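Participant: Dropping a structure here in structure tokens format, bear with me for questions.
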Amino acid sequence: MSEIKDRPYHHGNLRRALIDTAMDMLAADQNWAFTLREVARRTGVSHAAPYKHFRDREMLLRELARIGFIRLGESLTEAMSVDLPSMRAQFVAAAQACIGFACQNPGLYRLMFSADADKTIDPHLHDAAMSTFGILLGLLERGQRDGSFRSVAVSALAAACWAQVHGLAMLAINNQLLEEKVGSAPVPAALDVLLDGMCRND
């Protein structure tokens, strides 16, 4: 694990301090191979202190993922809050915001969609993930209402969009969008192909 500056804890919100330390460690190393003991040491508290708030490492990881989904949702909402000329432009802005979030937070993004962020056993994480997914659904429903997007099952549109954008995000953070494979501007090109299939041409 690479070295990051320890964050001695003196007073205030212990839970918040532990989360902040774990987020820093995740960002520094791009993985979550740390232990609660290491998080405690870097926070400047006893080894037993984290257990007051997190019964195990997996609970802490799920909380990091929950925060990640909230932050991703905020990024999507901010991207779509700009005055854009069409639903197509709004979708591109949201998709680019998602990919940008992944590239800026690769470790966190991987964790959010990993088996260690099990949404089936954590209702708060599940709700955060579904709330963020709901931003995509809302965009697609608005696009169908104003005639921008095809009148097919919104779940089918959502699956196609999620697969495409999430796939591009994962390829980007794994440095797989190589020009010799996918050209010099793979993200805009791929989104154009997706939208050409989604948008009505009548």
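Participant: Select from segment 60-87 the residues that are open to solvent by 50 Å² or more (accessible area, probe 1.4 Å), part of a helix (DSSP H, G or I) and without any contact (Cβ under 8 Å) to a residue 24 or more places away in the chain and list them in ascending order.
Facilitator: Glu74, Glu78
Participant: A further question on this structure: Limited to segment 168-202, what total is found for residues that are at positive phi and either of a type in the set (Gly, Ala, Ser) or open to solvent by less than 80 Å² (accessible area, probe 1.4 Å) (or both)? Step through it out loud before you land on a result.
Facilitator: Initially, segment 168-202 is screened for residues at positive phi, giving 175, 183.
Of the ones still in play, those that are also either of a type in the set (Gly, Ala, Ser) or open to solvent by less than 80 Å² (accessible area, probe 1.4 Å) (or both) are 183.
Counting residues in segment 168-202 that are at positive phi and either of a type in the set (Gly, Ala, Ser) or open to solvent by less than 80 Å² (accessible area, probe 1.4 Å) (or both) gives 1.
Participant: Quick one: in segment 25-46, of everything that is open to solvent by 30 Å² or more (accessible area, probe 1.4 Å) and of a type in the set (Gly, Ala, Ser), which residue is farthest from the chain's Cα centre (by Cα)?
Facilitator: Per the criteria, the residue is Ser46.
Participant: Does Ser155 satisfy the condition of being in contact (Cβ under 8 Å) with a residue 24 or more places away in the chain, open to solvent by 50 Å² or more (accessible area, probe 1.4 Å) and either touching a Cys at 6+ places or on another chain (Cβ under 6 Å) or of a type in the set (Gly, Ala, Ser) (or both)?
Facilitator: Working: in contact (Cβ under 8 Å) with a residue 24 or more places away in the chain: no; open to solvent by 50 Å² or more (accessible area, probe 1.4 Å): yes; either touching a Cys at 6+ places or on another chain (Cβ under 6 Å) or of a type in the set (Gly, Ala, Ser) (or both): yes.
The answer is no for Ser155.
Participant: Next up: Give me the pairs, please: first residue somewhere in segment 109-134 and farther than 17 Å from Ser75 by Cβ, second residue anywhere and open to solvent by less than 60 Å² (accessible area, probe 1.4 Å) and in a loop (DSSP other than H, G, I, E, B), beta-carbon distance under 7 Å, and either six or more positions apart or on two chains.
Facilitator: Note: pairs meeting the criteria are Asp116/Trp32; Leu125/Ala117; Leu125/Lys119; His126/Lys119.
The values are calculated or read from the model by the stated rules, or taken from the named source; none is laboratory data. Keep in mind that this is a model prediction, so the values were computed, not measured. Reconstructed Cβ throughout: ideal geometry from the backbone, glycine too, with neighbour counts over all protein chains shown. Heads up: the accessible areas ignore ligands, DNA and RNA and are worked out on the full protein's heavy atoms, side chains in. Shrake-Rupley method; radii C 1.70, N 1.55, O 1.52, S 1.80 Å.
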